[in-house]
Amino acid sequence: MREDKTSFGIRIREDLTKELDKIVDESEYLDVSRSEVVEAILIAYFQSDVNHGERVRELVIKKRKGKL
């Protein structure tokens, strides 16, 4: 079953883009796109057993303080 998808633009740090591209390159046999990798990461994150809202707030604060 195919699910509806939404497109939206994001801006990420250059070092994260390089890591993302590395995964894409390493998965060349899958013909995977950046979007698919990001979606897979989000799926794994939201299926994990953490309080997502609390964890995101914690990460945003660390990022803004330059600790991430």
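Numbers for the structure displayed
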read-out: Whichever residue in segment 16-31 is at pLDDT 95 or above and of a type in the set (D, E) and, among such residues, is nearest to V60 (Cα to Cα); value: E19
read-out: Cross-chain or 6+ apart pairs with Cβ under 9 Å, segment 38-50 first and within 14 Å of K5 (Cα to Cα), then of a type outside the set (A, V, I, L, M); value: E39/K5
read-out: Positions within segment 1-60 being hydroxyl-bearing (S, T, Y) and open to solvent by 100 Å² or more (accessible area, probe 1.4 Å), in sequence order; value: T6, S7, Y29
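The values are calculated or read from the model by the stated rules, or taken from the named source; none is laboratory data. Being a predicted model, the structure only gives us computed values, none of them experimental. All Cβ positions, even for glycine, are placed from backbone atoms using ideal geometry, and neighbour counts span all protein chains on display. For the accessible areas, the whole protein counts, side chains as well, though only heavy atoms, and no ligand, DNA or RNA atoms are used. Shrake-Rupley method; radii C 1.70, N 1.55, O 1.52, S 1.80 Å.
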